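Below: one structure, written as structure tokens.
The values are calculated or read from the model by the stated rules, or taken from the named source; none is laboratory data. Bear in mind that the values here come from a model prediction, so they are computed numbers and not experimental data. Backbone-built Cβ (ideal geometry, glycine too); neighbour counts: all protein chains shown. We work out accessible area using only protein heavy atoms, side chains counted, and drop any ligands, DNA or RNA first. Shrake-Rupley method; radii C 1.70, N 1.55, O 1.52, S 1.80 Å.
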Amino acid sequence: MELCWLVIHTLLFSLSSAQHEFFTSIGQMTDLLQTERDLVVSLKDYIRAEERKLEQIKKWADRLDLLSQKASQDPEEFLGHPVNAFKLIKRFNSEWAELENLVLTDVSDGFISNLTIQRQYFPNEDDQTGAAKALMRLMDTYQLDTETMASGRLPGLTPSSHRGVLSVDDCYDLGRVAYSEADYLRTELWMHQALRQLDRGERSDSVDPVTVLDYLSYSVYQQGALKRALMFTRKLLELDPTHQRANGNLKYFEYQLGKQVKGEDEEGGMKSKAATEDYLPERWKYEGLCRGEGLKMTPLRRSRLFCRYHDNNRHPKYIIGPVKQEDEWDRPHIVRYYDIVSDREIEKVKELAKPRLRRATVHDPQTGKLTTAHYRVSKSAWLGAFEHPVVDRINQRIEDVTGLDVSTAEDLQVANYGVGGQYEPHFDFGRKDEPDAFEELGTGNRIATWLLYMSDVSAGGATVFTDVGAAIWPKKGTAVFWYNLHPSGEGDYRTRHAACPVLVGNKWVSNKWIHERGQEFRRRCSLQEMD
């Protein structure tokens, strides 16, 4: 137990410096698996101690049972023997007290102490809600139904993949999260799924059809589907005729149906996202591109994209061993560099970043300050060149390959995406309506972006450019590069981009934002916009 306690204490110390919001970083969630494993070991130690204690108590009980049976046959004769009388007095005076102490001995102290101390570092209610919303976001983006999600049969999984399955309780909890957000469509979908699994014979100690139908009928009613709400209410009352709320709803729904205009059609409550006012057209583009749909590259334009060996105008480092470069898009020009970092370098960067990962922030155009936002779900850490030679080498490599001065660039930002991790459409450069976005840096606007993929992603996780209809998929060890500004210094609005939600896998990236200062004699010379 002491060894287990030391292991857990050490692990807790490493977790204590991190914020909650575990769901925003898969990398940090791996620590939770080790924590859970250590807790299971501690729990098994406690179970063994309880079993040893019960075994001792059982031996006492068996011995005393045998003795009392013999004595009860003729109590006076039994006590007529002075030894038996002495031992009876002794048992009541001391042995039963010893047994009482044994029964009252609490062998759970070690486990309870571990659990109590560790609980303060557990994911909280916000984490569970955030993870639930992430699953629903994945369903929206990749057009998955609840049956697919509940069965765990997601695109990108291999036969050897660990497939997670949602229980009735899980589906019910997801429905309740949607209900708390007044999202009645998703409430209906998840309560339907819970009901289907109950109908298939799946058992639950905490969820029953009556409770599910109660949520289901009300969520359908909130979507304006009175007939279906009435149907679910009647099903509920068949199971529980005394259900007070359902009896009240039955009368109300029947009354409302009687008032409906004759011939009025009912859509059944399954309103599409297009009907909601806040569902912008760009969102449709974004989600379509994430699925690989809506790419806007004609065959003629595609034929003009090339792969080449790049030596950056015969840079001394790349004359003999040039970098492999591929055109990903023409307008704006986006290129990908292959084999730009080694696996060993990637692991070192991840090792440096992981203890410092914090919820990723964005610039608030109103305040000019950094803040967290619901549309950016990831954790990030900033690494300076002075912190380790591998960071310095990567920075120098970026300068050598791009020809841009990185001495005024921002530190290397390392990001790890969590459950359904994403970054919705945004610009990297500061627009005219936010002139103070990078004022504190004193290095001008972000002229270019270097995005390094440090992992492959089984499904999802693409970088998409919503204005031009481009999608670029993660490939470990490669980097994509583009200019955010025109040669004139004006922002290139075609570079509006987003990070798609990660459906299956663990996405690690690092990016370098290169600024204008220091590029006076390095930037593209022509003031004419590149087509």
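Points to keep in mind about this one:
- Test for residue 421: is it in a loop (DSSP other than H, G, I, E, B) and either of a type in the set (A, V, I, L, M, F, W, C) or at positive phi (or both): no
- Among the conditions (1) on the phi < 0 side of the Ramachandran plot; (2) modelled with pLDDT under 95, residue 406 misses just one, which is (2).
- The listed residues are 468, 457, and the only one of them that is in contact with a Lys or Arg (Cβ under 8 Å, 6 or more places away or on another chain), among the aliphatic types (A, V, I, L, M), open to solvent by 10 Å² or more (accessible area, probe 1.4 Å) and closer than 23 Å to residue 155 by Cβ turns out to be 457.
- Some residue of the stretch 28-50 being aliphatic (A, V, I, L, M), modelled with pLDDT of 55 or more, open to solvent by less than 60 Å² (accessible area, probe 1.4 Å) and over 30 Å from residue 505 (Cβ atoms): yes
- Scanning the stretch 291-331 for residues that are more than 30 Å from residue 501 (Cβ to Cβ) and either small (Gly, Ala, Ser) or surrounded by 14 or more Cβ atoms within 10 Å (Cβ to Cβ) (or both) gives 303, 310, 311, 312, 315, 317, 318, 321, 322, 323.
- Near pairs, Cβ below 6 angstrom, 6+ apart or cross-chain, from the stretch 429-442 (open to solvent by less than 20 Å² (accessible area, probe 1.4 Å)) to any residue that is at pLDDT below 75 and outside any loop (DSSP other than H, G, I, E, B): 437/363
- Of all the residues in the stretch 239-258, those that are surrounded by 12 or more Cβ atoms within 10 Å (Cβ to Cβ) and assigned to a helix (DSSP H, G or I) number 11.
- Odd one out for residue 151 among (1) surrounded by fewer than 16 Cβ atoms within 10 Å (Cβ to Cβ); (2) in contact (Cβ under 8 Å) with a residue 40 or more places away in the chain: (2)
- Test: residue in the stretch 226-239 that is modelled with pLDDT under 90 and under 20 Å from residue 180 (Cα atoms): no
- Within the stretch 471-503, being assigned to a helix (DSSP H, G or I) and open to solvent by less than 20 Å² (accessible area, probe 1.4 Å) holds for one residue alone: 495.
- Test for residue 451: is it touching a strand residue (DSSP E or B) at 6+ places or on another chain (Cβ under 8 Å), within 26 Å of residue 341 (Cα to Cα) and in contact (Cβ under 8 Å) with a residue 12 or more places away in the chain: yes
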